[in-house]
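The values are calculated or read from the model by the stated rules, or taken from the named source; none is laboratory data. Note that the structure is predicted; figures quoted are calculated from it, not measured. Cβ: placed from backbone, ideal geometry, glycine included. Neighbour counts: every protein chain shown.
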Amino acid sequence: MPRLSLADFQALPCPILDVRAPVEFAQGHVPGALNLPLFTDEERARIGTTYKQVSQERAVHLGLEFFGPKMSVLVKRAQKLAPGKEVRLHCWRGGLRSGAVQWLLELAGFRVHLLDHGYKDYRRAVLAAFEAPRHWRVLGGLTGSGKTDVLHALAAPPHQQPVLDLEGLASHKGSAFGAIGQPAQPTQEQFENNLAAALAALPADAPVWVEDESRQIGRLTIPPALFGQLRTAPRWVLEVPRAARVAKLAAEYGAESPAELAAAIERLQKRLGGLATQQALAAVEAGDFTQMVELVLDYYDKTYTYGLTRRPGEPARTFVPVAGCDPAANAAALLQTAVAVTQ
């Protein structure tokens with residue numbers, strides 16, 4: 001069976017079929033891949049137990065017993081997933097499962113491109129991608145400065161700057177309130193896969209803008225090799241007036257669920273203190289989101305200001321004063337300052 005290197009496999013335009021079990025696929029998969037499981041989760045578990053407790057030969061026979069009755073169903077599913085009848089295919093190590101499905105699909109008239117060493121090789125490449133050095137430009141600013149909005153403005157015309165949106169990839173805004181209004185976070189493995197794909201889509205030799213983040217975004221962790229690069233990269237800090245930040249956050253959170261806001265405030269109780277927590281909860285109940293934001297910002301502003309203290313090996317910050325939270329205006333001001341600094 002001819003097998004493709006990862007680079008050749010990724011260069012092809014046809015659909016990717018991942019024949020691992022649903023639980024494996026859910027844990028992490030190549031972005032854009034479709035799941036065509038050869039075995040159910042229960043079948044895979046039984047085969048693994050048989051392999052360990054009986055023998056490899058018996059495990060193979062058991063796999064064939066599961067495979068035989070579902071061959072027609074697998075072909076029909078593959079035809080729905082890939083009507084063009086040309087697919088890229090992989091399993092965990094590029095072994096028996098992908099080989100069996102390749103045989104079946106080719107018998108049914110498909111053109112099949114098999115990934116050498118399977119998903120395991122892909123994961124090695126994902127982790128290696130975070131080691132590659134890049135020219136980062138880190139965008140900081142106090143909570144409510146609209147940093148993510150500015151990143152999007154930088155990426156859009158007329159600027160079209162390379163941008164990495166870590167919070168978008170993590171489905172989390174990074175604070176105790178960060179999950180509100182966001183889809184469920186991916187697994188750590190899938191976050192890394194999506195992150196590596198986003199990096200691959202960026203020019204390798206151009207500066208890339210990224211938001212200043214802590215090591216954790218919600219329950220996800222920025223890969224250590226990448227985080228180390230971000231810690232030592234030049235920083236630009238937006239200085240947005242507090243009144244503008246309060247107005248922005250009050251408008252955003254006023255549209256969200258009061259119950260979720262209250263839960264987030266309660267998670268901050270040890271940091272806010274008992275009195276401020278009760279006052280913030282009362283403000284949510286009264287619909288006074290400006291007051292709620294004022295109380296919470298007292299904590300976040302102190303925390304972020306402390307975080308601006310230079311650590312050993314970190315370059316100096318460049319502060320960019322702006323009038324408000326207009327993303328387009330702030331993106332333009334940021335680029336003007338960046339050009340002046342780098343000349």
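Here's the yes/no breakdown for (1) in contact (Cβ under 8 Å) with a residue 60 or more places away in the chain; (2) of a type in the set (A, V, I, L, M, F, W, C); (3) part of a helix (DSSP H, G or I); (4) in the same structural domain as TYR253 (by TED's automatic domain parsing):
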{"site": "ARG271", "(1), (2), (3), (4)": "no, no, yes, yes"}
{"site": "THR277", "(1), (2), (3), (4)": "no, no, yes, yes"}
{"site": "ALA283", "(1), (2), (3), (4)": "no, yes, yes, yes"}
{"site": "VAL293", "(1), (2), (3), (4)": "yes, yes, yes, yes"}
{"site": "TYR299", "(1), (2), (3), (4)": "no, no, yes, yes"}
{"site": "THR303", "(1), (2), (3), (4)": "no, no, yes, yes"}
{"site": "ALA323", "(1), (2), (3), (4)": "yes, yes, no, yes"}
{"site": "ALA338", "(1), (2), (3), (4)": "yes, yes, yes, yes"}
Number of the exception - VAL87 against (1) surrounded by fewer than 21 Cβ atoms within 10 Å (Cβ to Cβ); (2) at pLDDT 95 or above; (3) within 19 Å of ALA21 (Cβ to Cβ): (1)
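In segment 34-59, what residues are in contact (Cβ under 8 Å) with a residue 40 or more places away in the chain and under 20 Å from the mean Cα position of the chain (by Cα)? If you could, list the steps in order and put the result at the bottom.
Taking segment 34-59 first, the residues in contact (Cβ under 8 Å) with a residue 40 or more places away in the chain are 34, 36, 38-39.
Selection gives LEU34 alone.
For (1) within 16 Å of ARG242 (Cβ to Cβ); (2) under 29 Å from the mean Cα position of the chain (by Cα); (3) of a type in the set (Val, Ile, Thr), each residue gets a yes or a no:
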{"position": "VAL284", "(1), (2), (3)": "no, no, yes"}
{"position": "GLY287", "(1), (2), (3)": "no, no, no"}
{"position": "PRO312", "(1), (2), (3)": "no, yes, no"}
{"position": "ARG317", "(1), (2), (3)": "no, yes, no"}
{"position": "ALA329", "(1), (2), (3)": "no, yes, no"}
{"position": "ALA338", "(1), (2), (3)": "no, yes, no"}
{"position": "VAL341", "(1), (2), (3)": "no, no, yes"}
Complete set of residues in segment 225-247 that are surrounded by fewer than 15 Cβ atoms within 10 Å (Cβ to Cβ) and part of a strand (DSSP E or B): GLU239
Number of the condition not met by GLU192 [criteria: (1) in contact with a helix residue (DSSP H, G or I) (Cβ under 7 Å, 6 or more places away or on another chain); (2) without any contact (Cβ under 8 Å) to a residue 60 or more places away in the chain]: (2)
Residue list for segment 248-279, filter: aliphatic (A, V, I, L, M), over 29 Å from PRO321 (Cα atoms) and surrounded by 14 or more Cβ atoms within 10 Å (Cβ to Cβ): LEU261, ALA262, ALA263, ALA264, ILE265, LEU268, ALA276
Wholly enclosed helices (runs of 4 or more DSSP H) of segment 102-217 bearing at least 1 residues surrounded by fewer than 21 Cβ atoms within 10 Å (Cβ to Cβ) and not assigned by TED's automatic domain parsing to the domain that holds GLY228: 118-129
Test for GLY48: is it touching a Phe, Trp or Tyr at 6+ places or on another chain (Cβ under 9 Å), at pLDDT below 95 and either closer than 20 Å to ARG111 by Cα or assigned by TED's automatic domain parsing to the domain that holds GLN102 (or both): no
